[in-house]
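Worksheet: one structure, shown below.
What follows draws every value from the coordinates through simple rules; no lab data is involved. Since the model is a prediction, treat every value here as computed from it, not as a measurement. All Cβ positions, glycine included, derive from the backbone under ideal geometry; neighbour counts span all protein chains shown.
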Amino acid sequence: DVISWGIDADEWQPSERHGNYVLFNKTRADNVCDPEPLVKLAAICPNQLFLTTFLSKTESNEKAQASVTPNIKAIGRVPYETMKPLVRNAQVYLATTRETFGIGTIESMASGVPILGYNWAGTADIVRHGVDGFLCEPHDIEGLKRGLEFCIKHRAVLGANARKRALTFTWDDTARRFAEVYDRVLTPHKGVKL
C-alpha cells in the first residue's frame, strides 16, 4: 500500500502576484536531491531566474556559485517560515527529484504554482502532464526547457488546476487510508493471545 501524505491547504494560499523565479527547494544535495538538472536547465535558459537551496552535491553553495550561470541564486537551508513565501511566490516549481512523495510539490500546487518535473516516482503520481504541470522523461534537459516555456505560457490555468489537485491530498484521507491498512492487517489476528 502506498499512502500519500496530506496538506493543510489553508496554509498554502495562492499569491496575488508571483515572482519571476523557478524554485528548487530541497533540504540537502545528494544523489537523490540532485541540483544538477536545475544547473543544466539554467545554463540553457539564461534569461530565467532560478532559486535553489543547494547547488552542488560536493561543494558549498559559495564555491559552487562561482562556477554556475549568474541566473541561479542559492539560498541554503532556510527555516520553514522563510521558505513558505518563496514557495507561494514561485513562478514554477521544479520537481526533478526521484521521490516517494513530494510534499514540496503539493505545497507548491496548493499555492497555485505549476509543476515542471520528471515523469517518475511520486511526481508522476501527483502531477498530471499538461493539466497542472509539465512532465518530461528523466534527464531530458531540453524537455525541461520546453516544459518551462509551457508552464510560463499557461501558468494561470495550470496553477488553478494544481490548486484543485492539491486540495485532494487531505490529512483526513491520509488517516483513513492508514486506518484501513491497520484494520486489514490486524483483523486476521483478532482474539490471538500473545
### Query
With axes computed from alpha carbons, what is the tilt in degrees of helix 141-153 against the longest principal axis of the chain, rounded to the nearest 10 within 0 to 90?
90
#### Entry: Net +/- balance of residues flanking Trp171 in space, Cβ distance below 13 Å, scoring K and R +1, D and E -1
-3
## Note on the structure
Expected vector for the range 154-168, Karplus 3J(HN,Hα) from phi with 6.51, -1.76, 1.60 and θ = phi - 60°, integer Hz, x for Gly and Pro, equals 10, 4, 4, 5, 4, x, 5, 5, 4, 4, 4, 5, 4, 5, 7
## Note on the structure
For the chain, the longest principal axis of the Cα atoms and the Cα long axis of helix 171-186 enclose an angle in degrees, to the nearest 10, of 40
### Task
Pull up all non-local amide H partners of Gly133: gap of 5 or more, or a different chain, and H-to-H distance under 5 Å with H placed in the peptide plane.
Ile115, Arg128
### Task
Name the lysines eligible as straight-distance cross-link partners of Lys145: C-alpha to C-alpha under 18 Å, and not fewer than 8 places from it in the same chain.
Lys40, Lys153
#### Entry: Listed candidates [x] 19.3; [y] 11.3; [z] 13.0 - label of the one calculated as mean projected area of the Cα convex hull in nm²
[z]
### Query
Which ³J(HN,Hα) values, rounded to whole Hz and listed in residue order, are derived for the range 84-92 from phi using the Karplus coefficients 6.51, -1.76 and 1.60 in 6.51 cos²θ - 1.76 cosθ + 1.60 with θ = phi - 60°, glycine and proline given as x?
3, x, 5, 5, 4, 9, 5, 6, 8
